[in-house]
Amino acid sequence: MAELKKIAVLTSGGDSQGMNAAVRAVVRSAIYHGIDVFGIQRGYQGLLNQDIFPMTIRSVGDIIQRGGTILQSARCLEFLKPAGQQKGADILREYGIDGLVVIGGDGSYNGANKLSKLGIKTMGLPGTIDNDISFTDYTIGFDTAVSVVVDAINKLRDTMSSHERSSVVEVMGRHCGDIALHAGLASGAETILVPEMPFDLDEVADRMKDNFARGKRHSIIIVAEGVGKGEDIAQALKDRHASIDARVTVLGHIQRGGSPTPADRNLASRLGDFAVRKLIEGESGKACGIINGELTLTDIDLVVNSKKEFDLETYNLALRLSQ
C-alpha cells in the first residue's frame with residue numbers, strides 16, 4: 001500500500017458530460033480515505049501556470065448533474081514538448097502531490113503517460129464523447145452524446161416525414177464512428193456512414209430512391225465527421241438522383257452539452273473512486289476502464305499506443321435492421 005497524502009485532479013481536452021461527476025468522485029473518495037485533494041484549473045496549461053487550489057467536499061457539491069467541467073479545459077502546446085512535461089512534473093513535486101488523476105481523451109492520456117515516465121504517479125479516466133479510448137467499452141460522456149443525437153433525430157423525423165424529405169445528420173467522430181453507429185441504431189437510421197467502414201454513395205442514393213418509390217416518407221442518413229461534411233454528402237446524393245431532397249443538420253458542439261445521463265454519472269462515479277483506490281494500493285501509470293461491466297486497469301502506455309477496435313457486430317446489426 002502506498003502512503004498518499006496529496007493527490008490532484010485535472011480535466012483536459014474536449015469536455016464531456018460526466019466529467020464533473022468524475023471530479024466529484026475523485027475528491028470525495030480521496031477525502032474519505034484521509035487524503036488532501038487539489039484541483040488543477042484548465043488542464044495541463046493550468047498545471048504549468050500553477051493554477052492549483054485545495055478542494056473540499058463542498059467544492060464538488062451540486063455538480064453531479066452538470067455538463068462541462070468545473071475545472072475547465074485548455075489547449076497547451078508547451079506541454080507537448082519534453083521541457084514542458086518536465087516542468088509539470090517538477091511543479092507537482094513542489095506542491096508535494098503524490099498522485100495525479102487525469103480525466104480526458106487520447107491527448108490527455110498522452111500527457112499522463114509522459115508524467116508517469118517522469119516518476120509521477122498517474123491514473124487516467126476516459127472522459128470523451130467519442131468513445132475512442134481502447135481497453136474500455138465506454139467512455140464518460142458517450143452515452144449522453146448518443147442520447148443528444150437520438151433526441152435530435154427524433155425531432156428531425158417529424159419534420160422530414162411531413163415534407164417527404166431526407167435528412168443528413170452530421171455528428172462528431174473524426175476517427176471513431178461510435179456516436180454515429182450507436183445513435184443510428186437507436187434511432188432507426190436508414191444509413192450510417194463511419195470512417196471505419198467503406199461505403200458506396202451510388203448504392204446509398206439508389207436505396208433512398210427505391211425506398212421513396214415504395215412509399216417511404218423520409219430517410220435519415222447519419223454521417224460521422226471523419227467521413228466528410230454533411231453538406232458534401234447531401235450534394236453528392238442529389239447529384240446522383242435529382243429527386244432526392246436532402247436537408248443537412250450539423251449537430252456540432254451541442255453533442256457535448258447538457259446534463260449527463262444516469263449511465264454517465266454512474267460510470268464517472270465508479271471510475272473516479274476506482275482511480276483513487278488504485279492509487280492508494282500503489283498502482284500508477286494506468287488507465288481505468290470498464291469491460292463487460294467490470295472496472296479494469298491497463299497500462300496507459302499500451303492504451304495510448306492502441307487503436308480501439310470497431311464494433312463490427314453492432315454495425316452489421318444496424319445494417320440488417322435498416323432495410
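The values are calculated or read from the model by the stated rules, or taken from the named source; none is laboratory data. Predicted model, so just to flag it, every value in this text is computed and none were measured. Every residue, glycine as well, gets a Cβ built from its backbone with ideal geometry; the counts of neighbours run over all protein chains shown.
Remarks
- Residue match in region 139-160 (condition: more than 30 Å from ALA242 (Cβ to Cβ) and in a loop (DSSP other than H, G, I, E, B)): yes
- The number of residues in region 161-178 being part of a helix (DSSP H, G or I), among the small types (Gly, Ala, Ser) and crowded, with 22+ Cβ neighbours inside 10 Å comes to 0.
- Test result for ILE120, surrounded by fewer than 21 Cβ atoms within 10 Å (Cβ to Cβ) and over 24 Å from the mean Cα position of the chain (by Cα): no
Conditions (1) more than 30 Å from PHE38 (Cβ to Cβ); (2) not in a strand (DSSP E or B), marked per residue:
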position	(1), (2)
ARG265	no, yes
PHE274	no, yes
ALA287	no, no
LEU295	no, no
THR314	yes, yes
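- Qualifying residue in region 280-289 (condition: under 24 Å from ILE64 (Cβ atoms) and loosely packed, with under 15 Cβ neighbours inside 10 Å): no
- Test: residue in region 26-36 that is over 19 Å from LYS286 (Cβ atoms) and buried (at least 23 other Cβ atoms within 10 Å of the Cβ): yes
- Any hit, region 141-153, residues being surrounded by fewer than 16 Cβ atoms within 10 Å (Cβ to Cβ) and at pLDDT below 95: no
- Verdict on ARG240 being crowded, with 21+ Cβ neighbours inside 10 Å and either in the same structural domain as GLU190 (by TED's automatic domain parsing) or over 18 Å from ILE300 (Cα atoms) (or both): no
- Those residues of region 69-124 which are closer than 18 Å to GLY289 by Cα and of a type in the set (A, V, I, L, M, F, W, C), in sequence order: LEU100, VAL101, VAL102, ILE103, ALA112, MET123
- Boolean, LEU92 is surrounded by 24 or more Cβ atoms within 10 Å (Cβ to Cβ), modelled with pLDDT of 95 or more and either of a type in the set (Gly, Ala, Ser) or over 24 Å from the mean Cα position of the chain (by Cα) (or both): yes
- Residues in region 223-237 that are crowded, with 19+ Cβ neighbours inside 10 Å and either over 21 Å from the mean Cα position of the chain (by Cα) or among the small types (Gly, Ala, Ser) (or both): ALA224, GLY230, ILE233, ALA234, LEU237.
- Some residue of region 132-139 being at pLDDT 95 or above, buried (at least 24 other Cβ atoms within 10 Å of the Cβ), touching a Pro at 6+ places or on another chain (Cβ under 6 Å) and not polar (S, T, N, Q): yes
- Given (1) in contact with a strand residue (DSSP E or B) (Cβ under 8 Å, 6 or more places away or on another chain); (2) surrounded by fewer than 21 Cβ atoms within 10 Å (Cβ to Cβ); (3) not in a loop (DSSP other than H, G, I, E, B), index of the condition HIS253 fails: (1)
- Considering residues of region 228-248 that are hydrophobic (A, V, I, L, M, F, W, C) and out of contact with any Asp or Glu (no Cβ under 9 Å at 6 or more places or on another chain) only, the residue modelled with the lowest pLDDT: ALA242
- Qualifying residue in region 150-164 (condition: touching a Gly at 6+ places or on another chain (Cβ under 8 Å) and of a type in the set (A, V, I, L, M)): no
- When ILE153, ILE179, ILE140, ILE133 are checked against the criterion of being more than 30 Å from ILE7 (Cα to Cα) and within 10 Å of the chain's Cα centre (by Cα), ILE179 stands alone in meeting it.
- Flag for SER219 being within 20 Å of LEU185 (Cβ to Cβ) and small (Gly, Ala, Ser): yes
- Filter result (under 22 Å from TYR95 (Cα atoms) and not polar (S, T, N, Q)) within region 59-79: VAL60, ILE70, LEU71, ALA74, CYS76, GLU78, PHE79
- The number of residues in region 10-58 being in contact (Cβ under 8 Å) with a residue 40 or more places away in the chain and either in a loop (DSSP other than H, G, I, E, B) or not assigned by TED's automatic domain parsing to the domain that holds ASP98 (or both) comes to 10.
- Residue in region 209-222 that is over 25 Å from the mean Cα position of the chain (by Cα) and either in a strand (DSSP E or B) or at pLDDT 95 or above (or both) present: yes
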